[in-house]
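Single-structure report; data block below.
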Amino acid sequence: MNLNRIILKNFFRNIKNYGLYIFALIFSVSLYFSFVLMSKDESAADELSSGTMMSTGFIVGSVLLIVIIVTFVMFANTIFLKRRNQELALFQLIGLNRGRVFRILVLENAIIYFGSLVVGILFGFLLSRMLMMILLRIMQVELSVGLNFSMAAVGQTALLFIGIFILLMIQNFIFLRRTNLLQMMMMNQASESDTRRIGTGTVLMGILGLAMVAVGYYFSTQLMENVSLIFLLVFGVLGLTIIGTYITFKFSVAFVLNMIRKSKKGHVSVTDVLSLTRIMFKMKSNAFLLTLIAVISALSIGLMSMSYITYYSTEKMVENTMPHDYVFYEEEALEFYEELLDEEGVDYESIQMPAVDYEAKTEGAISADLEALDFNGSTLYVNVVSEAHFGSVALGPNETIITGTPSVMQTFIDYTLHAPMTFVSDDYERSLELVDIKETAVLPSMVSYGSPTAIVDETVYQELSEHQSEEMQEQGVKMLHAIDITEGDSMDILNMMNREENPVFESKIQQQTGQLQASGMTMFVIAFVGFAFLVTSGCILYFKQVGESEDEKGSYNVLRKLGFSEREIIRGLSFKMIITFGVPLLIGLLHAYFAVNAGWFLFGTEMWTPMLIVMGVYALFYSLFALLSLVHYKKVVKESLT
């Protein structure tokens, strides 16, 4: 038999073991090619107001995809080399030198990688159109999507995977060079110390790992309470949680599972044999890999949650900072657009509202961390407007309402209802009872400059205006000039008003469209990269389980001879899959929750709904790899018992 026949026969014999690996490679090529192809779609970039950011997003996403793909392929190749060590040793025993064995690996990998490259580009071409439609739908842009093919994208993708192929061949060459025949024969027999007892050191380290993670979680809840120490706390949280996670996998899991095993007092079931006992030591030997998967899962889930929180909250955030359809900088601009809308037959309502700046004491109804807000000294200024401009508001002469208090502002300023709020101007003071707090603003940010606004009785407003300090009187009264479209604003009205020769204005629908496109693009890129990591990490865990199932074939036969049924063995393996896949996922979800909880208010107005949706979808896809692993275990068990 010549070498070429050996290569082909060996390849087709192992093809079943490469099934998911080939799928993952095709998936990786498809993702990268579709991403590059979308970045070269000029028609979409020209249509979007955030076209420059779209190109930047695709570039950043492509770089992250390269890192994920290279890491996955290199790690997966390491797993397959270790699984095939006896086969490679056998080739050398029958007379093939290392050069010929290396040639076998080169040709096998060439068939797999370049075959996956061709198929992946074809699927990526179709996938790019679907992904572009999803992106445009997320960004709420109506644009027909055509089939555009780019040879530049093909060349870029081919160049990347040729580079990865060269890296793999270097990895294979180093493996063959450093591993002698005896090491290859004994590699699968290397003990993982299954029989070692759990000593005092393991118990102490196990407790330390859990304690470090818990302390890291606690510090994450204190970030906004100690803004002056925020950078120190952030690095402390990262260090404690990452190192604590590694120690948890290395020692804590074994410690906890050993406690469960001891609680059974020697009454060990097949579930305990196949799950608790083996996982105790498997997780210890795979601690670095599992830590990497848990931490990057947390990072992916956290970033996806933050980006979705921003997208989910866009409409409400714009409403909070832009309460009117159109806002103008000058009264002349308002009059110009009133005439224009009258000519076009558009019904509207004009709003003109004065506002004065006033200092408010940070006592009574207000408690504020002014240093964190970067306010000057201990002075907090609020905008004051009259209730006369709001038909639905009725206040007494000693009452006030605070508006324009978004979630991020409430982190630094606390309000107490039915407590006195004191306005100060030189020697003059006026205290009013705070009767309500509203998150929605009544003044746009271009007028309020981000400060909260107090609504007061008309007589109180006049009184406050008369007692303004000379410094404030010199600055003058702020004036809001705005228009609300009676039957609702539309892009047609915006396009009619938004001409180059017309006066400048701010538009709610324009801000909402721009923010939707920006947050939608960010969410799409992060979700895309996160999904790529999910698939690659799931595949790595699956490959590890495939290797373990082959190593454990003999133990299934022994358990059957001891009287355990096939059903009991499968039940034990099911529990093993729950722990193997569930523990890294659970730790990743916990890390992500505390990360999101620490700063979600900086990104939007709602945390739970977007975060739970992201976590649910991630966990669902992640669990599919546990099911695939269990299906493979069932197949191996049946084969070993027949």
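Looking across region 482-504, the residues that are outside any loop (DSSP other than H, G, I, E, B) and either of a type in the set (Phe, Trp, Tyr) or within 35 Å of the chain's Cα centre (by Cα) (or both) come down to Met491, Leu494. The residues of region 430-462 that are farther than 21 Å from Thr379 by Cα, in contact with a Pro (Cβ under 9 Å, 6 or more places away or on another chain) and not hydrophobic (A, V, I, L, M, F, W, C), listed by number, are Glu439, Thr440, Pro444, Asp457, Thr459.
Picking from residues in region 361-382 that are out of contact with any Ser or Thr (no Cβ under 7 Å at 6 or more places or on another chain) and not in a loop (DSSP other than H, G, I, E, B), the one that is modelled with the highest pLDDT is Ile366.
Taking every residue in region 114-141 that is closer than 19 Å to Ile22 by Cα and pairing it with any residue that is among the hydroxyl-bearing types (Ser, Thr, Tyr) and in a helix (DSSP H, G or I), at least 6 positions away or on another chain, the pairs with Cβ-Cβ distances below 6 Å are Gly120/Ser30; Phe123/Ser30; Gly124/Ser30; Gly124/Ser34; Leu127/Ser30; Leu127/Ser34. Can you name every residue in region 552-592 that is modelled with pLDDT of 90 or more and among the β-branched types (Val, Ile, Thr)? If the condition is that a residue be modelled with pLDDT of 90 or more and among the β-branched types (Val, Ile, Thr), then Ile569, Ile570, Ile578, Ile579, Thr580, Val583, Ile587 are the ones that fit. Of everything in region 1-44 that's at pLDDT 70 or above and not in a helix (DSSP H, G or I), which residue is surrounded by the fewest Cβ atoms within 10 Å (Cβ to Cβ)? Among residues in region 1-44 that are at pLDDT 70 or above and not in a helix (DSSP H, G or I), the one surrounded by the fewest Cβ atoms within 10 Å (Cβ to Cβ) is Lys40. Please determine whether any residue of region 505-519 is touching a Leu at 6+ places or on another chain (Cβ under 8 Å), touching a residue at least 40 places away in the same chain (Cβ under 8 Å), in a helix (DSSP H, G or I) and closer than 29 Å to Phe621 by Cβ. There is at least one residue in region 505-519 that is touching a Leu at 6+ places or on another chain (Cβ under 8 Å), touching a residue at least 40 places away in the same chain (Cβ under 8 Å), in a helix (DSSP H, G or I) and closer than 29 Å to Phe621 by Cβ.
Of all residue pairs spaced 6 or more apart or on separate chains, those with beta-carbon atoms under 6 Å, a first member in region 327-354 that is within 24 Å of Ala454 (Cβ to Cβ) and a second member that is modelled with pLDDT of 95 or more and of a type in the set (Gly, Ala, Ser) are Val327/Ala482; Ile351/Ala482.
Picking from residues in region 221-239 that are at pLDDT 95 or above and touching a Phe, Trp or Tyr at 6+ places or on another chain (Cβ under 7 Å), the one that is nearest to Leu290 (Cα to Cα) is Val237. Criterion applied to Leu627, Leu590 was being of a type in the set (A, V, I, L, M), within 25 Å of the chain's Cα centre (by Cα), within 21 Å of Ala76 (Cβ to Cβ) and not in a loop (DSSP other than H, G, I, E, B), and the one residue passing it is Leu627.
Kindly establish whether Thr440 is outside any loop (DSSP other than H, G, I, E, B) and in contact with a strand residue (DSSP E or B) (Cβ under 8 Å, 6 or more places away or on another chain). No. A Cβ distance below 7 Å, combined with a sequence gap of six or more or placement on separate chains, defines the contacts here; from region 544-563, residues that are closer than 14 Å to Lys635 by Cβ reach residues that are aromatic (Phe, Trp, Tyr) and crowded, with 16+ Cβ neighbours inside 10 Å in the pairs Ser549/Tyr633. For region 521-533, the criterion of being under 22 Å from Asp325 (Cβ atoms) and within 33 Å of the chain's Cα centre (by Cα) is satisfied by no residue at all.
Residues that are touching a residue at least 12 places away in the same chain (Cβ under 8 Å), closer than 30 Å to Val408 by Cα, β-branched (Val, Ile, Thr) and outside any helix (DSSP H, G or I) do occur in region 598-609, at least one of them. Here Met353 clears all of (1) closer than 19 Å to Met446 by Cβ; (2) assigned to a helix (DSSP H, G or I) except the condition numbered (2). Once region 451-478 is narrowed to residues that are assigned to a strand (DSSP E or B) and modelled with pLDDT of 95 or more, the residue that is farthest from the chain's Cα centre (by Cα) is Val456. Kindly indicate the residue of region 260-270 that is under 18 Å from Ile578 (Cα atoms) and either at pLDDT 70 or above or loosely packed, with under 12 Cβ neighbours inside 10 Å (or both) and also nearest to the chain's Cα centre (by Cα) among those meeting that condition. Checked region 260-270; the qualifying residue nearest to the chain's Cα centre (by Cα) is Ile260. Scanning region 136-172 for residues that are assigned to a helix (DSSP H, G or I) and more than 22 Å from Gly115 (Cβ to Cβ) yields Leu136, Arg137, Ile138, Ala152.
The values are calculated or read from the model by the stated rules, or taken from the named source; none is laboratory data. None of the values given here were measured: they were computed from a predicted structure. As a convention, Cβ positions derive from the backbone with ideal geometry for all residues, glycine included, and neighbour counts pool all protein chains shown.
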